[in-house]
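Following: one structure in structure tokens, then a few remarks.
Every number in this text was worked out from the coordinates using simple rules, so none of it is lab data. On a predicted model such as this, the values are computed, not experimentally measured, just so you know. Reconstructed Cβ throughout: ideal geometry from the backbone, glycine too, with neighbour counts over all protein chains shown.
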Amino acid sequence: MQDFTNYKPNQQGSGTVAQTGLGSEALFFQRVYAWMGAGLGLTALMAVVFAAMGLPQMIAENGVIMIVAFVAQLGLVWYLAARINQLDPSTAKLLFLGYAALSGVTFSIIVAFYPSNIIFKAFVSTAGVYGAMAVYGLVTKRSLSGLGSFLFMGLIGLIIASVVNMFMGSSTADLAICVIGVLIFAGLTAYDHQKLRVMYYNAEQESMSEDNLTRVVVLGALALYLDFINLFLFLLRLFSRE
């Protein structure tokens, strides 16, 4: 990851980036957040629809549905991230929205089984933590490139610990996993925002075409979406312990 500590945005824009109507970093982030927001909104909508259709009860009776949805989600994320440079921008957008809609299966269980006050508390807390870390990632002069590798290793360890605790059923371990999960995704929120600034800088320097720029926007929206969703899930688990 490049260190952009001394980067001074060209307010007039340059090359193709300016010609396509993206003349500032602020407009770039507006596009990223618009897609992230669309993804979150679609997930929430599908969660409510699936819950109204009785999907959580169906999953309780037949866990295969959840397994299929989970595998499909992983497959979509992997394919989108790995093939983003080869995908048509329209296809990339559809895959992102497809993933967001499919995530509604998971969140329909939350809508059905978690008290609304707990969901609200977790959402407000997530918005606060996410917003604070996003601002930090955008304004800090310190390069967070080294933090990314550390957080990725921590995420792998967290996944392993979660799988192990599924068999152990330790309440203490579950609490530790939730706290560490919040810290990891709070850190990833800051890291991904700084990374997106570097991606915008590269787009500006390389006079990136509109198609390639759209791919960057979609990939950025996916990263921020995943940070928000996972931060929310871990905070939800913490608040549900009260």
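Data overview
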{"read-out": "Packing-based order for 211-222, 161-172, using average beta carbon neighbours within 10 Å, highest first", "value": "211-222, 161-172"}
{"read-out": "FRET efficiency estimate (nearest 0.05) - Cβ-Cβ, Val179 to Phe152, R0 22 angstrom", "value": "0.75"}
{"read-out": "Under the span-like rule (Cα at least 15 Å along the axis, Kyte-Doolittle mean at least 1.6), DSSP H helices of the chain", "value": "64-83, 145-168"}
{"read-out": "Distance from the range 186-219 to the range 48-107 (C-alpha centre basis), Å", "value": "24 Å"}
{"read-out": "Orientation-averaged projected area, Cα convex hull of the range 23-239 (nm²)", "value": "12.6 nm²"}
{"read-out": "Size of electric dipole in the chain: Cβ of Lys, Arg +1 and of Asp, Glu -1, about Cα centre, debye, nearest 20", "value": "300 debye"}
{"read-out": "Most positive-pole-ward Cα, Phe96, Ser149, Ala69, against dipole of the chain from beta carbon charges", "value": "Ser149"}
